[in-house]
Amino acid sequence: MKASILALPGDGIGPEIVAAAKRVLAAVGKRFGHEFTVSDALIGGAAIDAVGTPLPEPTAEAALAADAVLLGAVGGPKWDDAPVRPEAALLGIRKRLGLYANLRPARLYPALAGASALRPDILARGIDLVIVRELTGGIYFGERGYRGGKFGREAFDTECYSEIEIERVARIAYELAEKRGRRLCLVDKANVLTSSALWRKVVTDINEDYPTVAVDCMYVDNAAMQLVRDPSRFDVIVTSNMFGDILSDLAAALVGSIGVMPSASFGATAAGMYEAIHGSAPDIAGQGKANPVGTILSAAMMLRHSFDLGAEAAAVENAVAKVIAEGKGTPDIGGALTTDEMTEAVIAALPEE
Ligand code: IPM
Ligand code: MG
């Protein structure tokens, strides 16, 4: 098949990990006979430096035209005081592409147990869960600002969700649960928030369309505790934008390193966007220390979800698992390989055609 991919390297370690994933995609293309055309565009601080704005219009248009988007990372101390921060570009492109559902799988590679924050007896039960994070609504996009208050200036942000916004992401989570362990957990704060009460109603109402899926609802504070006590009890979690952001970093600490966590985002438009869940890690940028696995696994999710290339996706995932099982890795997972060496090792572990 032929596909056009837009790469958005961005800032910090972004260019290094995107380069790694591109090499893996090229190797997959060669071995399985596909033609992936990859072009680059500016985003984040790199775009601020080059053209004065973090999400230039040509980037948004190229993303809309591409078959899929591969994103590195954005942000860094250099742009902390910029009038529009690099992070605004990330939120902006998610919104422009209508990417309302963000899948963040967390699985434990047995060889990484030592890097996990959990005890071996908890890890022995395994971790294989997916957080489905709502990505274009809630407090990230709600009404916000400053106003005069009783005691002087105050700042506010608002959490607002419509039934449609909840339903469409919940349906993606249900469909995913149908293909996995058939357990869906809605994480909310319905004991306090009105918006969470609506999430509960919508998510439980549509359960009748997915009769094989068992749904339960959990308050986010309890969910954080249960994830640490026994992550094996979770299959698919569906939650709001902010709760999903927080819990996915927590899940990263359970599986060993945030460097191995991929994500895929979908929406109404055809193009999906794929990005590791970690940030731009400016402290290690340009040193060859970045773990390319999160982005390589994100590229695998692209192969599966955007291009329907399930066998190719599995080949990449198996290659990563094999390399990690051999004890190879970047420093964040206790290894001694550079970004390039790790990428080479994954490519070498791909099956021959
Ligand atoms: C993530 C990141 C972003 C988010 C930041 C960089 C804006 O933390 O993708 O998890 O909060 O969505
Ligand atoms: Mg985050």
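A few remarks follow.
- Efficiency of FRET from Cβ geometry, residue 183 and residue 219, R₀ 22 Å, rounded to 0.05: 0.80
- Sequence-distant lysines (8 or more away, or on other chains) whose Cα lies within less than 24 Å of residue 30: 2, 22, 322
- Only protein heavy atoms count here; on that basis, with a 1.4 Å probe, residue 269 has an accessible area of about 60 Å².
- Cα centroid separation, the range 6-34 to the range 203-262 (Å): 29
- By the combined test of axial Cα extent (at least 15 Å) and Kyte-Doolittle hydropathy (mean at least 1.0), the qualifying DSSP H helices of the chain come to 241-255, 293-305.
- Straight-distance crosslink candidates among lysines, where the alpha carbon sits under 24 Å from residue 189 and sequence neighbours closer than 8 are dropped: 201
- Expressed to the nearest 5 percent, the antiparallel share of DSSP beta bridges inside the range 162-298 is 15 percent.
- Extreme residue, positive dipole direction of the chain, given options 282, 173, 19 (C-beta unit charges): 173
- GNM on the chain, alpha-carbon springs under 10 angstrom: the most fluctuating residue among 37, 330, 343 is 37.
- Antiparallel content of DSSP bridges confined to the chain, in %, to 5: 40
- Percent accessible area from carbon and sulfur atoms, the chain, protein chains only, probe 1.4 Å: 54
- Rolling a 1.4 Å probe across the protein heavy atoms gives the chain an accessible surface of 42 Å² per residue.
- Both the radius of gyration and Dmax for the range 150-275 are 15.8, 53 Å, in that order, over alpha-carbon atoms.
- Reachable aspartates and glutamates, given that their alpha-carbon falls under 16 Å from the alpha-carbon of residue 289 and they are not under 8 places away in the same chain: 11, 16, 332, 340, 341, 344
- Amide H contacts for residue 238 (H built 1.01 Å from N in the peptide plane; partners 5 or more residues away or on another chain; cut-off under 5 Å): 132, 185, 186, 187.
The values are calculated or read from the model by the stated rules, or taken from the named source; none is laboratory data. Quantities reported herein were computed from a predicted structural model and do not represent experimental measurements. Positions of Cβ are backbone-derived with ideal geometry, glycine not excepted, and every protein chain shown enters the neighbour counts. SASA here: full protein model, heavy atoms, side chains in, ligands and nucleic acids out. Shrake-Rupley method; radii C 1.70, N 1.55, O 1.52, S 1.80 Å.
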